[in-house]
């Protein structure tokens, strides 16, 4: 019987949707081991986020309000205290930048081992084995954790968000535990680019551009019309981000976001190992590239050898005709 | 400032797709692949060197110490950051099977207690394990604040604090950490204007990426000290908490690539074959 504590993420005063992948993992483990899962929400906007979290079938939701921007030092101690008192076997979160930043800190407080960014798990009674990508996704390792509490972050694209459950979970408050490390770090601010487009990690279609687009203007004038004709999210290669053509948070790859949409279109992207690590789980992959031998061919289902400055506008037009 | 830079030796990341699994599935092999310094740790070395130098006068502003853990031949890997300009090295002797992120963090915490660095600067993740946990655990073990996924670092408060800009899912986050602190770096930390120490002229633009070791640097590196304590000597308690029972290669994508002749053919196939439009 493994009980799981899901660490929810708050974004702009509400529950961030990516939390629902960690809830899916927790629900699956609970089901496999006859255990239960609770969701903990610690941060700014905990009340609203907890109300939302209560819709997803948890045994209970635990909340603690902490003012100001997210910093691991402000919330880790509270989460660790709840984890210890509550007799949980697993503490988990989705492996976004917040989860990856926070959970190892919580783990160190609990003297726990961490399995990061897992793709799946197997349960043998209460003994769990976690399958996780390594070597830029070129090897999968089966990890076991020997500490009493196991800390796990889950790859969002491998755990489909849970649907709302029938009834609301009870919500209780936890006391905030102070951590001296929090006195030595100050949150200055967050800068985000707001977009009408779907979130990269949630979209069904992703269109990514590479350095071959040559400029930010070309991303805007050539690629974005295709992105919007498909109702897609836009991504980019590391080279395009480094060159400043698009914001860094559009980067897909080992170092950026991992995506696995139904359709991934790589425009002018050669397909470095590190880029493939972020998108080779996509269901259908299309490459548009002048170079027939580009490494992206090793994962592409369809490859159009063409000059992207001709092919992309033509493709945008064809998609438009589909209506 | 005194900066500790942990670096990991990994199999050539640009050939990660050539990693193999042993026939019984219990080990990964990197036969024939060159061993290199983890790219993110190399960026951390560069960032440390930029923090610790006046780029115009070449005056040194502090000490940069590189640390690694592993078998004795890892000494070769440490010579590279020493040749780039780090001052000395420490290699904690250990077999690979004795190490996981927790053991590494504990060992680094012990070293931090003896060395008392102002800053521990390291790569955000090692590109073999891809765990992205050691730096965060280390910060917690030391009770220090941390900044992860750093894309820029600016010295503040007369060297007592750092303003760090982090790359997060939704954009960029700025924090100010009071030293001593742990900072884990992402790849854009080696952009030309990413590191500002308040001494090097503000408009100084470094080349993109880590510096190459000069011939002079390589010669000097041969004389730089590398201490080699054994893991057991550091007083680290407990062994690895994460073990790998087996490994496997990912499932190959089915089918081979289908070259299409035109945009029209592509759209048709996406509709009728792939059924994604």
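The values are calculated or read from the model by the stated rules, or taken from the named source; none is laboratory data. The structure presented is a predicted model; accordingly, all values stated were derived computationally and were not measured. In this analysis, Cβ positions are derived from the backbone assuming ideal geometry, glycine residues included, and neighbour counts consider all displayed protein chains.
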Subset of segment B:249-268 (residues that are under 13 Å from residue A:305 (Cα atoms), more than 7 Å from every other protein chain (Cβ to nearest Cβ) and in a helix (DSSP H, G or I)): B:265
Scope segment B:114-130; condition at pLDDT 95 or above and either facing chain A (nearest Cβ under 7 Å) or not in a loop (DSSP other than H, G, I, E, B) (or both); matching residues: B:114, B:115, B:119, B:120, B:121, B:122, B:123
Subset of segment B:227-248 [facing chain A (nearest Cβ under 8 Å) and in contact with a strand residue (DSSP E or B) (Cβ under 6 Å, 6 or more places away or on another chain)]: B:241, B:242, B:243, B:244, B:245, B:246, B:247, B:248
Selection status of residue A:220, in the same structural domain as residue A:281 (by TED's automatic domain parsing), over 16 Å from residue A:16 (Cα atoms) and surrounded by fewer than 17 Cβ atoms within 10 Å (Cβ to Cβ): yes
Filter result (more than 9 Å from every other protein chain (Cβ to nearest Cβ) and modelled with pLDDT under 95) within segment A:221-245: A:239, A:243, A:244
Residues satisfying the stated conditions in segment A:41-85, i.e. free of Cβ contacts under 8 Å to residues at least 40 places away in the same chain and over 27 Å from residue B:140 (Cα atoms): A:47, A:48, A:52
Identity of the residue in segment A:171-186, surrounded by 16 or more Cβ atoms within 10 Å (Cβ to Cβ) and at the interface with another protein chain (Cβ under 8 Å from one of its Cβ atoms), that ends up farthest from residue B:141 (Cα to Cα): A:186
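Listed residues B:154, B:170, B:133; which is closer than 29 Å to residue A:195 by Cβ and within 7 Å of chain A (Cβ to nearest Cβ)?
Details: B:154 fails: within 7 Å of chain A (Cβ to nearest Cβ); B:133 fails: closer than 29 Å to residue A:195 by Cβ.
It is B:170.
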Looking only at segment A:212-227, and only at residues there that are in contact (Cβ under 8 Å) with a residue 12 or more places away in the chain and in contact with a strand residue (DSSP E or B) (Cβ under 9 Å, 6 or more places away or on another chain), the one that is nearest to residue A:158 (Cα to Cα): A:227
Check on residue A:91, more than 30 Å from residue B:26 (Cα to Cα), in contact with a strand residue (DSSP E or B) (Cβ under 9 Å, 6 or more places away or on another chain) and more than 8 Å from chain B (Cβ to nearest Cβ): no
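Taking segment B:11-42, which residues are within 11 Å of another protein chain (Cβ to nearest Cβ) and buried (at least 22 other Cβ atoms within 10 Å of the Cβ)?
Once the filter is applied, which keeps residues that are within 11 Å of another protein chain (Cβ to nearest Cβ) and buried (at least 22 other Cβ atoms within 10 Å of the Cβ), segment B:11-42 yields B:16, B:40.
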Test: residue B:271 is out of contact with any strand residue (DSSP E or B) (no Cβ under 9 Å at 6 or more places or on another chain), surrounded by 12 or more Cβ atoms within 10 Å (Cβ to Cβ), at the interface with chain A (Cβ under 7 Å from one of its Cβ atoms) and not in a strand (DSSP E or B): no
Per-region count, segment A:86-128, residues surrounded by fewer than 19 Cβ atoms within 10 Å (Cβ to Cβ), part of a strand (DSSP E or B) and over 17 Å from the mean Cα position of the chain (by Cα): 4
Criterion violated by residue A:14 - all others in (1) in contact with a helix residue (DSSP H, G or I) (Cβ under 7 Å, 6 or more places away or on another chain); (2) buried (at least 19 other Cβ atoms within 10 Å of the Cβ) satisfied: (2)
Meets criteria (within 14 Å of another protein chain (Cβ to nearest Cβ) and out of contact with any strand residue (DSSP E or B) (no Cβ under 7 Å at 6 or more places or on another chain)) for residue A:108: yes
Hits in segment B:131-176 - residues which are in contact with a helix residue (DSSP H, G or I) (Cβ under 7 Å, 6 or more places away or on another chain) and in a loop (DSSP other than H, G, I, E, B): B:131, B:132, B:133, B:143, B:144, B:145, B:169, B:170
Odd one out for residue B:277 among (1) touching a residue at least 12 places away in the same chain (Cβ under 8 Å); (2) under 28 Å from residue A:271 (Cα atoms); (3) touching a helix residue (DSSP H, G or I) at 6+ places or on another chain (Cβ under 7 Å); (4) in a loop (DSSP other than H, G, I, E, B): (1)
Qualifying residue in segment A:41-60 (condition: touching a helix residue (DSSP H, G or I) at 6+ places or on another chain (Cβ under 7 Å), at pLDDT 95 or above and surrounded by fewer than 22 Cβ atoms within 10 Å (Cβ to Cβ)): yes
Residue check, residue A:31 assigned to a helix (DSSP H, G or I), in the same structural domain as residue A:115 (by TED's automatic domain parsing) and touching a helix residue (DSSP H, G or I) at 6+ places or on another chain (Cβ under 8 Å): no
